[in-house]
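Undergrad: First the structure, which I've put down as structure tokens, then a few questions once you've had a look.
The values are calculated or read from the model by the stated rules, or taken from the named source; none is laboratory data. Predicted model only: the values in this text are computed from it and were never measured. Cβ placement follows ideal geometry from the backbone for every residue including glycine, while neighbour counts extend to all protein chains displayed. What goes into the accessible areas is simple: the full protein's heavy atoms, side chains included, and nothing from ligands, DNA or RNA. Shrake-Rupley method; radii C 1.70, N 1.55, O 1.52, S 1.80 Å.
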Amino acid sequence: MARQIRPFRGPDGTNWGVEVQVPGASNAMIVFHHPGGKTARLDRYAWDIWNGPESRSVTSRVAPEKIMQSLTDDKLALLFRRSMPVSNDLTRVNRAS
């Protein structure tokens with residue numbers, strides 16, 4: 001199954017690729033792929049809450065295509081504002097000191 005990526009233009013004009021990952025019964029991770037593509041260091045993610053019939057059953061899963069269809073430009077803009085970096089550049093606390 002091929003990945004389904006949708007374009008999204010960020011507030012600064014960057015063209016991101018949007019992908020639905022880890023769909024569950026009531027939520028899914030929305031990943032914003034940075035156009036650099038060489039590293040996931042600049043990618044971002046946010047959680048989208050699903051309110052469809054699948055959300056009432058813990059054993060069901062929402063189809064990624066269904067979630068992708070529900071992502072309007074306004075909803076993507078909101079998710080992008082709430083998104084967090086996938087990786088963190090900050091170094092861990094030096095435990096030797």
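Undergrad: Compute the accessible area per residue over the chain, keeping the other protein chains in place, probe 1.4 Å, unit Å².
TA: Working: 6830 Å² over 97 residues.
Value returned for the chain: 70 Å² of accessible area per residue.
Undergrad: Would you please classify the overall shape of the chain from the alpha carbon gyration tensor, given that a ≥ b ≥ c denote the square roots of the eigenvalues, rounded means a/c under 1.5, and beyond that prolate means a/b larger than b/c while oblate covers the rest?
TA: oblate
Undergrad: Can you send over the carbon and sulfur percentage of the accessible area for the chain, probe radius 1.4 Å, protein chains only?
TA: On the chain, the fraction of accessible area on carbon and sulfur atoms equals 53 percent.
Undergrad: Relative contact order of segment 1-52: what whole-number percent is it, with Cα pairs under 8 angstrom and at least 6 residues apart?
TA: 27
Undergrad: Percent relative contact order of the chain, based on C-alpha pairs within less than 8 angstrom and at least six residues apart?
TA: In percent, rounded to a whole number, it is 26.
Undergrad: Report the FRET efficiency, 1/(1 + (r/R0)^6), for M29 and Q69, where r is their Cβ-Cβ distance and R0 is 22 Å, rounded to 0.05.
TA: Given R0 = 22 Å and the Cβ-Cβ separation, E is 0.85.
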